[in-house]
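Working notes, structure below.
The values are calculated or read from the model by the stated rules, or taken from the named source; none is laboratory data. Note that the structure is predicted; figures quoted are calculated from it, not measured. When we count neighbours, we look across all protein chains shown, and the Cβ atoms used for this are built from the backbone with ideal geometry, even at glycine.
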């Protein structure tokens, strides 16, 4: 994520985003240009968006959004573009950003992993409406789920298998569903030598 060192107001930021050919996140007067995403990243987002959007159709007034919808974190004077987000609050109807999301999903990339795991996690926790913050790894089967409860926030890490719930949608998701059709780097690397060996045997 590239950093543009210029202090701007919220109103100027929002107006600028309507004209800008690229997206920027906003943190207390400074803007950060968003970078492009990989094939794996996009496939993971597509899987998550499809599953969440289908569940939201059965639970009006819930709505689910892709990465072009911002989330406003008023406590940090920030606007972020999560990969997938959803709100079930009928009064959460700003045209270009959510203020009361009930879940947020970020798919990690090399440029954003540290920010997603720390800065955004801490910022999103200030949202009283938020029930789950989900971080999905694009290089291995790993999902970190942060859930709000009566005793505060607690975390769960899923690897290889397992399920978790987006409670406002009543949707239980499995790692198999999230990673369906996604070739992970180690899977491709492991397939290479095996394919080469099979080819060599067939030529012998």
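Which of the residues belonging to the stretch 135-166 are touching a residue at least 40 places away in the same chain (Cβ under 8 Å) and either in a strand (DSSP E or B) or more than 23 Å from residue 114 (Cβ to Cβ) (or both)?
136, 166
Of all residues in the stretch 167-178, which are assigned to a loop (DSSP other than H, G, I, E, B) and either on the phi > 0 side of the Ramachandran plot or crowded, with 21+ Cβ neighbours inside 10 Å (or both)?
168, 169, 170
Going by the conditions given, is residue 49 part of a helix (DSSP H, G or I), closer than 27 Å to residue 140 by Cα and in contact (Cβ under 8 Å) with a residue 40 or more places away in the chain?
no
Take the conditions in contact with a strand residue (DSSP E or B) (Cβ under 7 Å, 6 or more places away or on another chain), modelled with pLDDT of 95 or more and either closer than 20 Å to residue 87 by Cβ or surrounded by 14 or more Cβ atoms within 10 Å (Cβ to Cβ) (or both) and apply them to residue 144. Does it pass?
yes
When the stretch 28-46 is examined, which residues are found to be assigned to a strand (DSSP E or B), out of contact with any helix residue (DSSP H, G or I) (no Cβ under 8 Å at 6 or more places or on another chain) and buried (at least 16 other Cβ atoms within 10 Å of the Cβ)?
If the condition is that a residue be assigned to a strand (DSSP E or B), out of contact with any helix residue (DSSP H, G or I) (no Cβ under 8 Å at 6 or more places or on another chain) and buried (at least 16 other Cβ atoms within 10 Å of the Cβ), then 30, 32 are the ones that fit.
Among 17, 25, which is the only one that is under 30 Å from residue 141 (Cα atoms) and buried (at least 18 other Cβ atoms within 10 Å of the Cβ)?
After applying the criteria, what remains is 25.
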